[in-house]
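Remarks on the structure that follows.
The values are calculated or read from the model by the stated rules, or taken from the named source; none is laboratory data. What you are looking at is a predicted structure, and each value in this text was computed from that prediction instead of being measured. Cβ placement follows ideal geometry from the backbone for every residue including glycine, while neighbour counts extend to all protein chains displayed. Just the protein is used for accessible areas: all its heavy atoms, side chains included, with ligands, DNA and RNA removed. Shrake-Rupley method; radii C 1.70, N 1.55, O 1.52, S 1.80 Å.
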Amino acid sequence: FTNDILGFEIIDNGIGFNSETAPKGNGLRNMQSRIAALGGVLSLTSSPGKSALISFSVPLQKMLKL
């Protein structure tokens with residue numbers, strides 16, 4: 001929690017992937033739309049040979065109204 005924002009990060013210890021050429025499924029797209037509906041931001045960072053990192057932040061006021 002920082003300044004009424006909930007932030008969350010998930011990182012793996014895998015081999016990573018090229019996010020530009022990876023097959024596009026519904027999983028990340030659905031996560032992005034759900035976080036956006038809460039007024040938040042989701043980002044994915046990965047590259048071959050490195051870990052993948054998914055992070056998001058959401059204003060707490062939006063979450064409390066659910």
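Counting only residues that are within 13 Å of SER47 (Cα to Cα), without any contact (Cβ under 8 Å) to a residue 12 or more places away in the chain and not β-branched (Val, Ile, Thr), how many does the stretch 1-21 have?
In the first step, residues of the stretch 1-21 are kept if they are within 13 Å of SER47 (Cα to Cα); the result is 11-21.
Those still in the list that are without any contact (Cβ under 8 Å) to a residue 12 or more places away in the chain too: 20-21.
When the remaining residues are screened for being not β-branched (Val, Ile, Thr), the result is 20.
Final tally of qualifying residues: 1.
Restricting to the stretch 1-47, name every residue that is of a type in the set (Gly, Ala, Ser), within 23 Å of GLN61 (Cα to Cα) and in contact with a Pro (Cβ under 8 Å, 6 or more places away or on another chain).
Going residue by residue through the stretch 1-47, those that are of a type in the set (Gly, Ala, Ser) are 7, 14, 16, 19, 22, 25, 27, 33, 36-37, 39-40, 43, 46-47.
Pick out the ones that are also within 23 Å of GLN61 (Cα to Cα) and you get 7, 33, 36-37, 39-40, 43.
Of everything in the stretch 1-47, those that are of a type in the set (Gly, Ala, Ser), within 23 Å of GLN61 (Cα to Cα) and in contact with a Pro (Cβ under 8 Å, 6 or more places away or on another chain) turn out to be GLY39, GLY40.
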Give me the pairs: first residue in the stretch 34-55 and over 9 Å from GLY16 (Cβ atoms), second residue open to solvent by 60 Å² or more (accessible area, probe 1.4 Å) and among the charged types (D, E, K, R), beta-carbon distance under 8 Å, and six or more apart or on different chains, which are they?
-> LEU38/LYS62; GLY39/LYS62; GLY40/LYS62; LEU53/GLU9; ILE54/GLU9; SER55/GLU9
Hits in the stretch 1-31 - residues which are surrounded by 12 or more Cβ atoms within 10 Å (Cβ to Cβ), in a loop (DSSP other than H, G, I, E, B) and aromatic (Phe, Trp, Tyr) = PHE17
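Just the residues that are open to solvent by 50 Å² or more (accessible area, probe 1.4 Å), under 10 Å from the mean Cα position of the chain (by Cα) and not polar (S, T, N, Q), please, taken from the stretch 32-42. So that I can check it myself, show each step before the final result.
We begin by selecting, within the stretch 32-42, every residue open to solvent by 50 Å² or more (accessible area, probe 1.4 Å); these are 32-34, 36-37, 41.
Then drop every residue that is not under 10 Å from the mean Cα position of the chain (by Cα), which leaves 32, 41.
Passing the criteria: only VAL41.
Between ASP12, ASP4, which is at positive phi and either at pLDDT 90 or above or not hydrophobic (A, V, I, L, M, F, W, C) (or both)? Before the answer, list the steps.
Details: ASP12 fails: at positive phi.
Sole residue among the options that is at positive phi and either at pLDDT 90 or above or not hydrophobic (A, V, I, L, M, F, W, C) (or both): ASP4.
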